[in-house]
1. Would you mind computing the Rg to Rh ratio of the range 2-61 from its alpha-carbon coordinates, Kirkwood style for Rh?
2. Report the full-extension gain for the segment residue 30 to residue 168: residue separation times 0.36 nm, less the Cα-Cα distance, to one decimal in nm.
3. What shape does the range 203-303 have by the C-alpha gyration tensor, where a ≥ b ≥ c are the square roots of the eigenvalues, rounded means a/c under 1.5, and otherwise prolate means a/b greater than b/c and oblate the rest?
4. Could you work out the Rg to Rh ratio of the chain, with Rh taken as the Kirkwood radius (inverse of the mean 1/r over all Cα pairs)?
5. Any idea how far apart residue 63 and residue 186 come out in nm if each label point goes 7 Å out from Cα toward Cβ?
6. Would you please calculate the Kirkwood hydrodynamic radius of the range 138-292 over all C-alpha pairs and express it in Å, rounded to one decimal?
7. So what is the 222 nm mean residue ellipticity for the chain from helices alone, if each DSSP H run of at least 4 adds -39500 (n - 2.57) and you divide by all residues, rounding to the nearest 500 deg cm²/dmol?
8. By how many degrees, 0 to 90 and rounded to 10, does the Cα axis of helix 100-112 deviate from the longest principal axis of the chain?
């Protein structure tokens, strides 16, 4: 350890020295201090091993805290979903205008009962544009939290996307899907309007914030090998969203499963075509602006 420290005094950017000191601290049982040195060298493997031992000691010391937290979380989730189910069941017989939170909570009914949920979403007006924007906003917040709130093991270099980039990466494919699907389904007997497609697609996003927030929180308590399980859960949430979008499109337009599947594939092609047209015209507009600018500059010099 003294030799590695001496090397660091000559070259503070030598990662092997940080790792060597960290391993020495790890062998002596100073796991928390070892984690800091492994973190300085961006060594997630050794960091994970030290974190595992530190966590083991912490759990032994505060086992009652772990038990209480787990029980509280499970009870809170149970009470919340019972409340949501009660609100949604009550909403089946409600007549008249619905409150904002009734429209928002209906998203939980949609993801567990997609065919009935999307039918009532369109025909019974159980959802709305404001509810759709809420779930879009929740999805943006979920991706933002994932970018800035993930643990060191998941994001060792502390890289993140700014909020504008996150909004763009979500809204561009979202609007492309809604626009392309509406353009195609109006030609093939689709019964849904652009508003219906927009709302159904937005309510299909519910699994993303539902999974992503707890997954990002859990990254602070799991090791490198255990985090891979969370990645599987996150992948499952994306697959769930994809299936909900397909089911939502089918119910919105009253298509058969086969016809709806073909239209979804064509919609993806339509999204690519729209992007091609946008890129083409943006390039053309950029050339026109450059040409006009060059003419103005030339005239200003001659005058």
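None of the figures in this text is laboratory data; all of them are computed from the coordinates on show. The structure presented is a predicted model; accordingly, all values stated were derived computationally and were not measured. Glycine also receives a Cβ, built like all others from the backbone with ideal geometry; neighbour counts cover every protein chain displayed.
1. Across the range 2-61, the Cα-based Rg/Rh ratio is 1.03.
2. That works out to 45.2 nm of additional length.
3. It comes out oblate by the Cα gyration axes.
4. Using Cα coordinates only, the ratio equals 1.12.
5. A separation of 6.6 nm, rounded to one decimal place.
6. 17.7 Å
7. -27500 deg cm²/dmol
8. Between the helix axis and the principal axis of the chain, the angle is about 80 degrees.
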